[in-house]
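Contents: one structure, followed by commentary.
The values are calculated or read from the model by the stated rules, or taken from the named source; none is laboratory data. Bear in mind that the values here come from a model prediction, so they are computed numbers and not experimental data. Cβ placement follows ideal geometry from the backbone for every residue including glycine, while neighbour counts extend to all protein chains displayed.
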Amino acid sequence: MQRKIYLDMHSREEAQRLFWSRFGQRTTEAETIPSRLARGRVTAAPVTARFSSPSFHSAAMDGLAVRAEDTFGASDDTPRTLRIDTGEAVPVNTGYPLPPDKNAVIMIENVLLADDGATGVIRAPVYPWQHVRKVGEDIVATELLFPTGHQLRPADIGALLTGGCATVRVRKRPKVVIIPTGSELVRLEDYPDAPPAGKTIESNATVLAGLAEQAGAEVAITPIISDDFATISRHLQATVASEADLVIINAGSSAGSADYTVRIIEQLGEILVHGITIMPGKPTILGVIDHKPVVGIPGYPVSAIIAMEQLVVPLLARMQGVHVDPPATVQAVLAKDLPSRSGIEEFRRMIVGRIDDRFVAVPLKQGAGAITTLTRANGMLRIAAASEGEIHGREVTIELLVPRPQAERTILCTGSHDLCLDVLGDLLRKQDPAYPLASTHVGSLGGLMALKQGMCHLAGSHLLDPMDGSYNTSYIRKHLAGRDIRAVTLVHREQGFIVPKGNPKNIASIHDLFGEGIRFINRQAGSGTRVLLDYELERHHLDPDAILGYDQDEYTHMAVAVAVLSGKVDTGLGIKSAANALGLDFVPLVEERYDLLLPGELFDTPMIQAVLTVINTADFRQAVEALGGYSTRETGRLVER
Ligand SMILES: Nc1nc2c(c(=O)[nH]1)N[C@H]1C(S)=C(S)[C@@H](COP(=O)(O)OP(=O)(O)OC[C@H]3O[C@@H](n4cnc5c(N)ncnc54)[C@H](O)[C@@H]3O)O[C@H]1N2
Ligand code: MOO
């Protein structure tokens, strides 16, 4: 079957306008539902109160109901005795009806009661209607409680019930049906141990359903449909003919040999848009079948979410007569250059944190297939279509994905990678307040540069000075001269050769890297591990260029371990815990010190003190030792300068 190449691309704004001009006026029908079940629903008509509240004059305090006039003149010098036994004063509790002849309440604390309860003495008067909630003080019958188009919150339900509205007219929830397609997809529930080779776990349908439900929709997910033109077509037709108000067909939206979505929609109805100049989300399809909106959402998980948020969520809101507000933003300084293709509006997932008095934004990876770029992000940077990107140090607008105080508590940690940072991050989250630790990896020297530019709170570093065997201090002196930088030892750890289980190539020392056909994977220049390797090679007078793979590098210990596990290479230099994590073997080479470096100005901040507190707990040490390949003998020690 012929492949479908994109129609002309539309900008996001054009696509939204086209789609909304077609469907944006179409609200769902109104229905009457019990008020108790109406949270989150949107009123379809004005709601007026049937009852007043309070519906009677009621005591606002526990005490004695009186006629205010009977208390006039009471003072410390001229206390007044009120008769309870004759009904001059009547004991009431908060919320009780006020006796008909009374007009005020004296708080019980201000009454000296006689032992027999027959009288009470007061030393101050009350004024008329003091501590009384009068009829209709809160709600007057017939008054407007909510206009049309109000989304009901929990407090609103309280007002509905109090105002006598047992039922309320609301917009029906739009019905959304999601059709996941792809012959490669399997359900995790069917393969809990591991998916069969070449199969992908279906996840988008549930994610999209969650977004649609958050937007007020009622969602159904169909079984996974395999990539067969006729099957998808039949299924889509049946779904459109059902009660669905909007149909989402996931994946098969781009140019692959089995990407049928666009042709199927075209055959059954009409294509409004295929291709939007956004990334991720480019191959999104907006179509119409039998007057119903049908959206082809791209398969990559991040593309799917962005397409859904930009095009479907606002439409679902309109269908219910509400409007979505844009997310809160902060201005932040960009920690890295971000080149971007002109003509494409890019959505970059970011981590933002506050350092001193400014926000700093660190970009995460770009790949639309990586869902963790969204789960790790706390902000989003939109690079406008007209822009060729943003540069390091520039102030940019970040849309927040978390409440601002959470972004302000986020600890930006960069530099070298170590698995203990995950332990630290986990324990920091158990603190109160919770401090999210966001680590990105740029190597030890990269961490020093980030510190220099004020782009991180912490930098992990293990830079060996071959001259004297010291770690980090001489590098700080050289690269951060004049700056107050503190170093706190996190761990000592074993560095060595990560090898497949059983060490089939018998790697025993650095000399074995030169063995016949041994494939090695290196770490990037500027990483402490690379410095260590180069130092060891030089010490043994060995020629790096004779190592097969010396010029191939990875950015983390785990990436090296994955390269070994996948059989791509025979070995790489890394930490033992990375080998352990993937069930690989490990040949120790040296023990090294790994420190966290931080600006002295931040040392006394609650955030850094929280980090130091966690590092010094027995829980942290135990969890680190359990990873294997670590010693915590100097953990938490401030390194002398
Ligand atoms: N030659 C071209 N190839 C691609 C282009 C292009 O312009 N030319 N665009 C790329 C872009 S951008 C995107 S986004 C994707 C969109 O792909 P499709 O919508 O056609 O989706 P598939 O190819 O079927 O799947 C992509 C990817 O996503 C996984 N997937 C699909 N459904 C699910 C699901 N329900 N849960 C989890 N994961 C899912 C699927 O297995 C694939 O890995 O196309 C690029 N290609
Ligand atoms: O748009 Mo694709 O949506 O870039 O990954």
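How many residues, within segment 283-323, are more than 22 Å from Glu243 (Cα to Cα) and either within 13 Å of ligand 1 (Cβ to nearest atom) or free of Cβ contacts under 8 Å to residues at least 24 places away in the same chain (or both)?
The total comes to 13.
Please work out which residue is surrounded by the fewest Cβ atoms within 10 Å (Cβ to Cβ), limiting yourself to segment 329-360 and to residues that are farther than 18 Å from Ile306 by Cβ and small (Gly, Ala, Ser).
Top of the filtered list is Ser342.
Quick one: what pairs do we get from segment 161-186, first residue more than 19 Å from Val294 (Cβ to Cβ), second in a strand (DSSP E or B) and within 9 Å of ligand 1 (Cβ to nearest atom), C-beta under 6 Å, 6+ apart or different chains?
That search, which allows pairs on different chains as well, returns Glu184/Thr200; Leu185/Thr200.
Pro195 - would you say it is surrounded by 16 or more Cβ atoms within 10 Å (Cβ to Cβ), without any contact (Cβ under 8 Å) to a residue 60 or more places away in the chain, away from ligand 1 (no atom under 16 Å from the Cβ) and not in a strand (DSSP E or B)?
no
Filter segment 510-563 down to residues that are over 15 Å from Val499 (Cβ atoms), touching a His at 6+ places or on another chain (Cβ under 9 Å) and not hydrophobic (A, V, I, L, M, F, W, C), then give me how many there are.
Residues that pass the stated criteria total 7.
What pairs can you find where one residue is in segment 241-267 and under 24 Å from Pro174 (Cα atoms), the other is in a loop (DSSP other than H, G, I, E, B) and more than 9 Å from ligand 1 (Cβ to nearest atom), and their Cβ atoms are less than 7 Å apart, with a gap of 6+ or different chains?
Asp245/Thr28; Asp245/Pro174; Leu246/Pro174; Val262/Lys4
Just one of (1) away from ligand 1 (no atom under 14 Å from the Cβ); (2) touching a residue at least 40 places away in the same chain (Cβ under 8 Å); (3) on the phi < 0 side of the Ramachandran plot trips up Ala230, so point out which.
(2)
Across segment 315-340, what is the number of residues that are under 20 Å from the mean Cα position of the chain (by Cα), within 24 Å of Ser11 (Cα to Cα) and not hydroxyl-bearing (Ser, Thr, Tyr)?
Total meeting the criteria: 5.
Residue under question is Thr410, and the condition is that it be crowded, with 20+ Cβ neighbours inside 10 Å, modelled with pLDDT of 95 or more and either within 16 Å of ligand 2 (Cβ to nearest atom) or within 20 Å of the chain's Cα centre (by Cα) (or both); does it hold?
yes
With of a type outside the set (A, V, I, L, M, F, W, C), crowded, with 22+ Cβ neighbours inside 10 Å and more than 10 Å from ligand 1 (Cβ to nearest atom) as the only criterion, which of Pro174, Pro180 stands out?
Pro174
Which of the residues that make up segment 598-640 are out of contact with any Cys (no Cβ under 9 Å at 6 or more places or on another chain), of a type in the set (A, V, I, L, M) and outside any helix (DSSP H, G or I)?
Leu638, Val639
Residues are listed down the side, and each one gets a yes or a no for (1) away from ligand 2 (no atom under 16 Å from the Cβ); (2) under 20 Å from the mean Cα position of the chain (by Cα); (3) outside the structural domain of Glu213 (by TED's automatic domain parsing):
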position	(1), (2), (3)
Met279	no, yes, no
Ile289	yes, no, no
Gly299	no, no, no
Ala304	no, yes, no
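Are any residues in segment 341-365 within 12 Å of ligand 2 (Cβ to nearest atom) and more than 17 Å from the chain's Cα centre (by Cα), and if so, which ones?
Arg341, Ile344, Glu345, Glu346
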